[in-house]
Structure formats: C-alpha cells, structure tokens
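Before any comments, here is the structure.
What follows is calculated from the coordinates using simple rules that are stated; it is not laboratory data. If you're wondering where the values come from, they're calculated on a predicted model, not measured in any experiment. In this analysis, Cβ positions are derived from the backbone assuming ideal geometry, glycine residues included, and neighbour counts consider all displayed protein chains.
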Amino acid sequence: MTDRPLRLMFQDEARFGLIGDPRRCWAPFPIRPLVAVQIVQQFTYAYVALSPHDGTLDALILPHVDSACMEIFLQELGERHEKENILLVLDGAGWHRSGQLHVPDNVRLVFLPSYSPELNPVEHFWEELREKHFHNLLFENLSGLEDCLEKALLSYEQNPKEVFSLTSWDWITKIILNAN
C-alpha cells in the first residue's frame, strides 16, 4: 500500500426507479403545467465514488445493493486507480461491512459515524443529479431509465470541475494529501 499517491474518495449508492418525481416548473400565466406520474416498483442502483479534492468521479449502474455488487464496484474502482491508494469513506450499510466483501489491495474502507449522511458529499451530488436530470420525467421501462442515468453519470465523470464545485467542502479539501 506504500509508494503510491493517496486519493481520498467518498462513496454512496442511490436507487432510481420508474416512480415519477413531480417537481415545480415554470409556465406562462394562465397555463397550468401537467406532469404525469407513475408508480412502478422497478429499480436500478447507481454506485458512485468521488474525490472532492479534484472532482474525479467513478460510477457504475448495478441491479442491486448487496455485497456482490459492492465488490464489483470496488474492483472497478481499484482498477481505475491502480497507481493510487484509495481511502474510501462510506456509510455503514450491511453490504459495506459484510465479511464476504473482498476489497482490492489499493483500497481501504473508512466508515462514517452512524446516522450522519450530511458528512458525505455524495449525498449532495445525488440531489443535484436528481434535480437536473430526472425531475418531471417518466420512463417506459427500466432500460430507458438506465440510459438516462448512464448519460447523466457520464456527463459528471467527464466534467470534474462541476463535481468539484458541488463537493469541495472546506473541511475535506483542507486535508493535505501526499505531503512531502
């Protein structure tokens, strides 16, 4: 784990489903906008790890939140940053603490205190993602939802400045990494 630069990342998962998310929207007076809503119990999950120091974001869309999917995400994260050691801060979900979870050699897990999602900048990222890419939209099927989610996540992966502006909280960015 030595001789490689250290990268601090925060991780979280979010559920996206075919349930409509009606929000306020502007319309000229006297028009009253109509927004369709549906309730379908089908979901997919986005796994995200981001670095508030430089806005790097890594994401995968997986079918479940469990140890098997978390392991797939961790393996991908370890491979994407194979020349770095990753200190990954995450909540204490059961699948994060599972004894069956195999963590790559270049990744170390650090758990947030219980019931403290406000400490995780990924929570703020989810709010932005949902507001900008999913409000007042309906999808015919899970595939359409996943296509939209993929485009949205890819747009953030390709725009680290935006991720940085959303998540570079002072108490995190003041942490000195890789000091000589």
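What the table shows:
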{"item": "Flag if S114 is in contact with a Gly (Cβ under 7 Å, 6 or more places away or on another chain) and free of Cβ contacts under 8 Å to residues at least 40 places away in the same chain", "result": "yes"}
{"item": "Restricting the range 138-165 to residues that are among the hydrophobic types (A, V, I, L, M, F, W, C) and either out of contact with any Phe, Trp or Tyr (no Cβ under 6 Å at 6 or more places or on another chain) or surrounded by fewer than 14 Cβ atoms within 10 Å (Cβ to Cβ) (or both), the residue that is nearest to E118 (Cα to Cα)", "result": "F164"}
{"item": "Residues satisfying the stated conditions in the range 104-137, i.e. buried (at least 16 other Cβ atoms within 10 Å of the Cβ) and either more than 24 Å from V163 (Cα to Cα) or of a type in the set (F, W, Y) (or both)", "result": "P104, F125, W126, F134"}
{"item": "Output for the range 84-103, where each listed residue is in a loop (DSSP other than H, G, I, E, B), surrounded by 14 or more Cβ atoms within 10 Å (Cβ to Cβ) and within 16 Å of the chain's Cα centre (by Cα)", "result": "D91, A93"}
{"item": "Segments classed as helices (runs of 4 or more DSSP H), wholly inside the range 129-180, with at least 1 members that are of a type in the set (G, A, S)", "result": "142-157, 160-167"}
